[in-house]
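Chemist: Got a structure for you, questions after.
Throughout, read-outs are computed from the coordinates displayed, never taken from laboratory work. Keep in mind the model is a prediction, meaning the values are calculated, not measured. With ideal geometry, Cβ positions are generated from the backbone for all residues, glycine too; neighbour counts draw on all protein chains shown.
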Amino acid sequence: TTHIAAILGRLAIAPINPAWSTGSIHGTSEGGALLESFSPVDGERIATVGEASAHDYHAVVARAVESFGIWRALPAPQRGEVVRQFGEELRRHKQDLGTLVSYEMGKSLQEGLGEVQEMIDICDFATGLSRQLYGLTMPSERPGHRMYEQWHPLGVVGIISAFNFPVAVWSWNAAIAWVCGNVCVWKPSEKTPLTATACQSIIAGVLARNGLPEGISCLVQGGRPLGELLARDPRIALLSATGSTRMGKSVAEAVAARLGKSILELGGNNAIIITEHADLDIALPAAVFGAVGTAGQRCTSTRRLIVHASVYEAFKARLVRAYGQLRIGDPLDEAHHVGPLIDRAAVGNYLAAIAACEVQGGRFLVAGEVLSGEGYASGCYVQPCIAEVSPDMAIVQAETFAPILYIMKYETLDEAIRIQNSVPQGLSSAIMTLNLREAEQFLSAGGSDCGIANVNIGTSGAEIGGAFGGEKETGGGRESGSDAWKAYMRRQTNTINYSDKLPLAQGIRFDL
Ligand code: NAD
C-alpha cells in the first residue's frame with residue numbers, strides 16, 4: 001500500500017481522494033456518487049473516485065465541443081507533436097503506471113508494463129501518421145477539372161473501454177483520434193477508475209504545457225448509464241466501444257438509431273488449430289500462454305484448441321504437465337505465471353461455466369477450483385483448467401472471461417477450419433503447422449473467418465502496427481495501425497473547375 005501511495009504521488013494523484021475527478025473536465029460534482037476501486041490482488045480498497053452525474057457529463061461534452069474548434073485548427077503535424085510529448089511522459093512514468101495497472105486490474109507486472117509500452121508505441125505511430133493523413137487524387141472525366149479527396153476530423157470521439165486493458169485501448173483510440181483532429185471523451189471501465197485518472201493527469205499536464213485546453217482529452221468516470229448517455233448523444237460523432245458483445249449490441253442499437261458512427265471491439269472465442277505438421281515445442285507455450293495469460297481475461301485469450309487426432313494424445317499429455325507447473329499468485333511477483341480474476345463476480349462466472357461444461361458432457365483433464373489460503377485472500381484466484389469437449393456444446397460457443405481451455409479433436413483440415421469458424425465470435429485465430437499448404441488454406445478466403453489469423457504464433461496479443469479487430473459478434477471494428485485512422489475522419493471529395501466551361505458529369509447536356 002505504501003508503495004502504491006508513492007506511485008500515486010509520482011503520478012501527481014493523491015490516494016483515496018474523491019477530488020481526483022472534480023472539475024467539469026473530470027466530470028464530478030462536489031458530493032456526488034463515488035466509484036470504489038478494489039484491487040483483486042489483495043482485496044484492498046485502493047481508491048474512491050468521483051462518479052460523473054448526467055449533469056457533469058453534459059458539461060464535459062460541452063467543453064469537449066468547445067475545445068474541438070481550437071484543436072482542429074492546429075496543423076496535423078503540430079497535433080502529432082503534442083502526442084509525441086504524451087509518449088515521452090509515458091516513457092517517464094512507465095514503471096509507475098505499469099505497476100498501477102497490474103495492481104488495479106490484476107495482470108502480471110510484465111503485462112502491465114507491456115500495456116504502457118503499447119501506449120508509447122501507438123503515440124510513436126500516431127506522431128508519424130500525423131504527416132501521412134493522405135487523400136487520393138483522381139483523374140476527372142471533365143476537361144479543366146481536378147478531383148481529389150481530403151480527410152477532415154469528425155469532432156468528439158467517445159471511448160468506452162473494458163477493464164482488461166484499462167489504459168492501452170484508450171490510447172489506441174485517443175492517440176489516433178487526436179492526430180486526426182478530434183477531441184476525446186473517455187469513459188473507462190468502472191472496475192479500473194484509478195489507472196484512468198492517472199492517464200488523465202498525465203495528458204492534462206502535456207496539454208497545459210502546450211497552452212491547450214484539457215477539453216481535448218476528457219474523462220467521465222462511471223458505469224453503464226454513462227456509457228448509455230454517450231451512445232445516445234448526437235454530439236458524439238464516433239463512439240469506439242470495447243467490451244462484451246452484450247454491451248456492443250446495446251451501443252450499436254443506440255448509435256444506429258441516431259445514424260452515428262461506431263467502432264465495436266467485442267468478445268472473442270479464439271482457437272488454435274494444431275495440425276499433424278505442427279512444431280509442438282512452439283505450439284505448447286503458445287497454447288498455455290494464450291489460455292492462462294492475464295488469467296484468461298484477454299479478448300484474444302485462447303479458449304479452444306482444435307488438435308489433429310494423430311498428435312492429440314501426445315499434446316494433451318504435455319499440456320496437462322505444463323498446467324501442473326503453473327504458479328498462481330500475486331501478479332506483481334514475477335515468479336507467478338497467473339494472477340487473479342478481476343472480481344468475485346468473475347469468479348462466479350468461471351464456476352458457472354465449469355458447471356455448465358460438466359452438465360453438457362465436458363470432461364475435465366485439469367479441474368478448476370477457487371484458491372484459498374495465504375496470498376489468496378481477495379477470493380479472486382482460480383486454478384486454470386482444461387476440459388475435453390465436443391465443439392458444438394453451448395458453453396464452447398460462448399466466451400467465458402476466465403482461464404478455461406476447451407480441447408477437441410479433428411481428422412481433416414476442412415473439419416478443423418469448420419470447427420474454428422463455427423462460433424458466433426470472430427476475433428483471433430491461429431494455426432500451428434510447418435506445412436505450406438495447410439498454412440495457406442487457413443489464410444485463404446475459405447480459411448479462418450477472423451479479423452486476426454496467425455501462423456505459428458498463438459491467438460493472444462497483437463502488435464499496434466496492424467489493424468486490430470474482428471468479425472461477426474466481435475463487432476467488425478478496426479483500431480490501431482494500418483489505415484484504421486480512416487474511421488476517425490470524414491472523407492470529402494472535392495472537384496475544382498479551372499476552365500471557363502461548365503461540363504456536366506456523364507456528358508449530360510443542359511443548354512440554356
Ligand atoms: P463490459 O461489456 O461489461 O464493459 C465494457 C465497458 O462498457 C465498461 O466501460 C462498461 O461500463 C460499459 N458498458 C456496459 N454496458 C453498457 C451499455 N449498455 N452501454 C454503454 N456502455 C456500457 O466488458 P468488460 O467485462 O469490462 O470486458 C470484458 C469484455 O471485453 C470481453 O467480452 C472481452 O472480449 C471484451 N474486450 C474486447 C476487446 C477487443 O478489442 N475486441 C478488447 C478488450 C476486451
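Chemist: On the Cα set of the stretch 271-379, report Rg and Dmax in Å, please.
Modeler: Rg and Dmax of the stretch 271-379, Cα atoms, are 14.9, 44 Å.
Chemist: Over all alpha-carbon pairs of the stretch 251-313, lay out the pair-distance distribution in 5 Å bins, whole %, shortest bin first.
Modeler: 4, 16, 19, 15, 11, 10, 8, 7, 6, 4, 1
Chemist: Sequence-distant or interchain residues sharing an amide H contact under 5 Å with Ile407, placed H: which?
Modeler: Amide H neighbours of Ile407: Leu305, Ala387, Glu388, Val389.
Chemist: Per the Kirkwood definition applied to all pairs of different Cα atoms, how many angstroms is the hydrodynamic radius of the stretch 426-485?
Modeler: On the way: mean 1/r = 0.0833 Å⁻¹.
For the stretch 426-485, inverting the mean 1/r across all distinct Cα pairs yields 12.0 Å.
Chemist: Which whole-number percent gives the relative contact order of the chain, counting Cα pairs below 8 Å spaced six or more residues apart?
Modeler: Numbers: 1165 pairs, mean separation 87.2, N = 512.
Worked out over the chain, it gives 17 percent.
Chemist: Report the one residue of Val83, Gly507, Asn210 whose Cα lies farthest in the direction of the positive end of the charge dipole of the chain (charges on C-beta: Lys and Arg +1, Asp and Glu -1; origin at the Cα centre).
Modeler: Gly507
Chemist: So how compact is the stretch 124-203: Cα radius of gyration and Dmax in angstrom?
Modeler: 17.7, 60
Chemist: Give me the net charge of Leu212's neighbourhood, meaning all other residues with Cβ under 15 Å from the Cβ of Leu212; Lys, Arg count +1, Asp, Glu -1. Provide the component values of the computation, followed by the final result.
Modeler: Working: positive: Arg63, Arg72, Arg79, Arg84, Arg209; negative: Glu66, Glu81, Glu89, Glu214.
Local net charge: +1.
Chemist: Using Stokes-Einstein with the Kirkwood hydrodynamic radius over Cα pairs, what translational diffusion coefficient do you get for the stretch 320-403 at 37 °C and a viscosity of 0.692 mPa s, in µm²/s rounded to a whole number? Please report the intermediate quantities before stating the final value.
Modeler: Values: Rh = 13.5 Å.
Approximately 243 µm²/s, per Stokes-Einstein.
Chemist: Additional query: With only Lys, Arg, Asp and Glu charged, each at its Cβ (+1 for the first two, -1 for the last two), find how big the charge dipole of the stretch 25-116 is about the Cα centre; round to the nearest 20 debye. Mind showing how you got there, number by number?
Modeler: Numbers: 9 positive and 14 negative charges, 99 e Å.
So the dipole magnitude of the stretch 25-116 works out to roughly 480 debye.
Chemist: How many nm separate the modelled label positions at Leu512 and Glu228, each set 7 Å beyond the Cα in the direction of the Cβ?
Modeler: 5.5
Chemist: A further question on this structure: Given DSSP loops and a limit of at most 15 other Cβ atoms within 10 Å, what is the longest stretch of the chain that contains no such trypsin sites (Lys or Arg not before Pro)?
Modeler: Working: sites that count: Arg131, Arg258, Arg327, Lys501, Arg509.
Counting at most 15 other Cβ atoms within 10 Å as exposed, the longest clean stretch of the chain is 328-500.
Chemist: I need the semi-axes of the equivalent ellipsoid of the stretch 79-235: take the C-alpha gyration tensor, multiply each eigenvalue by 5, square-root it, list largest first in whole angstrom. The partial results should precede the final answer.
Modeler: Numbers: eigenvalues 205, 70, 40 Å².
In descending order the semi-axes read 32, 19, 14 Å.
Chemist: Using a Debye calculation, one point per C-alpha and no hydration shell, please list log10 I(q)/I(0) for the stretch 184-280 at q = 0.14, 0.17, 0.19 Å⁻¹ in order.
Modeler: Relative scattering, expressed as log10 I(q)/I(0), comes to -0.64, -0.82, -0.95.
Chemist: Still on this structure, please answer the following. Over 31 Å, how big is the tail of the calculated P(r) for the chain, in percent of all Cα pairs? Display every interim value, and only then the final one.
Modeler: Numbers: 62524 of 130816 pairs.
Pairs farther apart than 31 Å: 48 percent.
Chemist: Would you mind getting the Kirkwood hydrodynamic radius of the stretch 351-508 from its Cα pairs, rounded to one decimal in Å? Could the numbers behind the result be given before it?
Modeler: Numbers: mean 1/r = 0.0510 Å⁻¹.
It is 19.6 Å.
Chemist: Dividing the convex hull volume of the Cα atoms of the stretch 378-420 by its residue count, what figure in Å³ per residue is obtained? All intermediate terms of the calculation are to be shown ahead of the outcome.
Modeler: Working: hull volume 3.3 nm³, N = 43.
About 77 Å³ per residue, rounded to a whole number.
Chemist: Among DSSP bridges having both ends in the chain, what percentage is antiparallel? Round to the nearest 5.
Modeler: Working: 25 of 66 bridges.
Close to 40 percent.
Chemist: Could you pull out every one of the lysines with an alpha carbon less than 27 Å from that of Lys316, ignoring same-chain neighbours closer than 8 positions?
Modeler: Qualifying lysines at Cα under 27 Å: Lys107, Lys409.
Chemist: Once each part is reduced to its C-alpha centroid, what is the distance from the stretch 166-238 to the stretch 344-400 in angstrom?
Modeler: Each part's Cα centre sits 34 Å from the other's.
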